[in-house]
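Report on the structure given below.
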Amino acid sequence: MSDIFRPYEKLVEITIMGKTFLVPERNSLLRAFQFISPETIPYGRFCWNQECQYCKVNCQLSDDDQSRPILSCKFLVSEGMTISDLAPELIGCLRTKLGAAASASSSNTEDNNPTA
């Protein structure tokens with residue numbers, strides 16, 4: 001599996017919906033998600049080239065004062081990064097790693113998008 005990651009010397013700490021993870025530096029955030037959950041991310045509907053928008057997250061960097069939307073396939077992971085919201089496709093893929101946070105976010109998404 002190491003062939004899919006860019007070379008890295010250390011793991012950096014990021015927070016995803018209140019849960020802390022160690023991921024390889026110098027890799028895209030989407031690759032970092034794959035490092036966290038190698039059994040599910042490869043099967044997500046991700047294009048890996050910013051066309052599908054299924055990898056959109058809200059992210060706050062350690063030196064930012066507020067979060068902003070980014071595409072995780074195009075943004076490099078950095079120490080102290082905080083992910084506060086994930087696209088539904090990512091929530092589905094990371095559900096087992098995020099536990100209750102994924103369930104709560106999934107409920108909020110459903111509440112904001114009621115079906116007719």
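Laboratory data are not the source of any read-out in this text; all were calculated from the coordinates shown. As the structure is a computational prediction, the values presented were derived from the model and not from experiment. Glycine also receives a Cβ, built like all others from the backbone with ideal geometry; neighbour counts cover every protein chain displayed.
Tabulated results
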quantity: Test: residue in the stretch 9-21 that is basic (Lys, Arg) and closer than 13 Å to Leu86 by Cβ; calculated: yes
quantity: Any pair with Cβ under 6 angstrom, 6 or more apart, that starts in the stretch 33-56 at a residue that is within 21 Å of Thr15 (Cα to Cα) and ends at one that is buried (at least 17 other Cβ atoms within 10 Å of the Cβ) and of a type in the set (Phe, Trp, Tyr); calculated: Ile36/Phe21; Ile41/Phe33; Tyr54/Phe46; Cys55/Phe46
quantity: Scope the stretch 7-31; condition closer than 24 Å to Gly92 by Cβ, in contact with a helix residue (DSSP H, G or I) (Cβ under 9 Å, 6 or more places away or on another chain) and β-branched (Val, Ile, Thr); matching residues; calculated: Ile14, Ile16, Val23
